[in-house]
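Just below is one structure, and these are the notes that go with it.
The values are calculated or read from the model by the stated rules, or taken from the named source; none is laboratory data. What you are looking at is a predicted structure, and each value in this text was computed from that prediction instead of being measured. Heads up, the Cβs are rebuilt from the backbone with ideal geometry, glycines too, and the neighbour counts pull from every protein chain shown. Heads up: the accessible areas ignore ligands, DNA and RNA and are worked out on the full protein's heavy atoms, side chains in. Shrake-Rupley method; radii C 1.70, N 1.55, O 1.52, S 1.80 Å.
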Amino acid sequence: MTETLEHHFDETIAHERRIEPRDWVPDGYRKTMIRQIAQHAHSEIIGMQPEGNWITRAPSLRRKAILLAKVQDEAGHGMYLYSAAETLGADRAELTEMLISGRQKYSSIFNYPTLTFADVGVIGWLVDGAAICNQVPLCRSSYGPYARAMVRICKEESFHQRQGYELLMTMMRGTQAQRDMVQDATNRFWWPSLMMFGPPDASSPNTAQSMAWGIKRHTNDELRQRFVDMSVPQADKLGVSLPDPELRWNAERGHYDFGAVDWDEFTQVVKGNGPCNVQRVAHRRKAHEDGAWVREAAMAHATKAKQPAELER
Ligand SMILES: [Fe+2]
Ligand SMILES: [Fe+2]
C-alpha cells in the first residue's frame, strides 16, 4: 500500500504536478513543508513590528495610509500561510506557541531596529525586494496550497517594493539631511538583506533534499546573486552607494562580484542575540496574551452557533 502511495507521490513530483492536502506524503516532506510555511508565516507576522514602529510617526497622512496598508498586507500574508500549514495537519495555536517560546524561527532581518523613516523605504526596497527573489520561485512549490498563496503574496510584495523605492526617490529629491538618512539606512540594511537568503550552499545541508522535493527551486547562493544583480542598478538610479568595496561587474561571469557576508553576525542573530530578538518575541507574546479574550469570545460564539435550537428555547 505504502509503495503505491510513494509511487504516486514520486510521480506527482516528477511531472511537476502539485501535491494537494488529501495526498499521501512522506513524513519528511510534511515536516519540512510545515516548518518552511510556519517560519514564513512567523516572518510575516514579526515583520509587522519594525515598520509598525513608524505608523504613528509617518511624516504625512499619505505616508501613514500607505504604511498602514503595507503592514496590514503582512498580517494577511501571515494568515494565508498559517492556513496553508493547517492543511498539512499543523495546529495554528501550536505554531504560535512555538514562535513565542522561541522554538521556531523567523527571518533574521526583522531583528534589526528601524532608526529613521528612511528605514521604511529601505525595507520596502531591499527587504521586500529580497523576499520577492526568494518567493517568486515558491509560486512553483510542489505543495499546492503554499504555491497558490505565494501568487497573491508576491503581487503584494511587488507593491511593497515599489512603495519603498518611491519613498526613497522622494527623499533623495529632498534635503541633504534626507539623502543622508537614505544612505545611512541603506548601509545598515544591505548586508542583513543578503543574509535573508540563508547560509552559503556549502553549509546548507537540507538544500539538496528540498530541491528534489520541489520545495526549493534555486539554491541560497543563486538567489543571493540574483538579488545583488537586481539591486546594483537600482542603487545607481537612486543615487546611493552600497556599502561593499568589493562590489563590481564581472563581465566573464555576467554577474556582479560582491564581498563576503559576515556569517558570524548571521549566526548570532539566528541564535537570538541580534539587536531586537528579545523585544520582537516579547512584543508578539504580549499581543497574543492581550488577545486571549478575543479568542475566548470567538470560541464561545462558535459553540453557541452550533446549537441554534437550544438557544431558541
Ligand atoms: Fe509579506
Ligand atoms: Fe512585504
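Scanning the range 24-40 for residues that are surrounded by 14 or more Cβ atoms within 10 Å (Cβ to Cβ) and either part of a helix (DSSP H, G or I) or charged (D, E, K, R) (or both) turns up Y29, R30, T32, M33, I34, R35, Q36, I37, A38, Q39, H40. Taken over the range 51-89, the criterion of being of a type in the set (D, E) and either modelled with pLDDT under 95 or under 21 Å from C276 (Cβ atoms) (or both) is satisfied by E51, E74. Going through (1) within 18 Å of I123 (Cα to Cα); (2) open to solvent by 60 Å² or more (accessible area, probe 1.4 Å); (3) at pLDDT below 95 one by one, Q178 falls short only on (3). Considering the range 211-313, the qualifying helices (runs of 4 or more DSSP H), each wholly inside and each with 1 or more residues that are small (G, A, S) and within 26 Å of R188 (Cβ to Cβ), run over 220-238, 277-290. For the range 181-205, the tally of residues that are within 19 Å of the chain's Cα centre (by Cα) and open to solvent by 60 Å² or more (accessible area, probe 1.4 Å) stands at 1. Within the range 154-197, the set of residues being away from ligand 2 (no atom under 12 Å from the Cβ), of a type in the set (G, A, S) and out of contact with any Ser or Thr (no Cβ under 9 Å at 6 or more places or on another chain) comprises G174, A177.
The single condition among (1) open to solvent by 10 Å² or more (accessible area, probe 1.4 Å); (2) closer than 23 Å to I109 by Cα; (3) touching a His at 6+ places or on another chain (Cβ under 9 Å) that M211 does not meet is (2).
Any idea which residue in the range 133-157 is farthest from the chain's Cα centre (by Cα), counting only those that are open to solvent by 30 Å² or more (accessible area, probe 1.4 Å) and touching a residue at least 24 places away in the same chain (Cβ under 8 Å)? Filtering first and then ranking leaves R140. A Cβ distance below 7 Å, combined with a sequence gap of six or more or placement on separate chains, defines the contacts here; from the range 44-73, residues that are within 16 Å of S107 (Cβ to Cβ) and without any contact (Cβ under 8 Å) to a residue 24 or more places away in the chain reach no residue that is outside any helix (DSSP H, G or I) and more than 15 Å from ligand 1 (Cβ to nearest atom). Within the range 111-138, count every residue that is under 15 Å from G164 (Cβ atoms) and aromatic (F, W, Y). Summing the residues that are under 15 Å from G164 (Cβ atoms) and aromatic (F, W, Y) in the range 111-138 gives 2.
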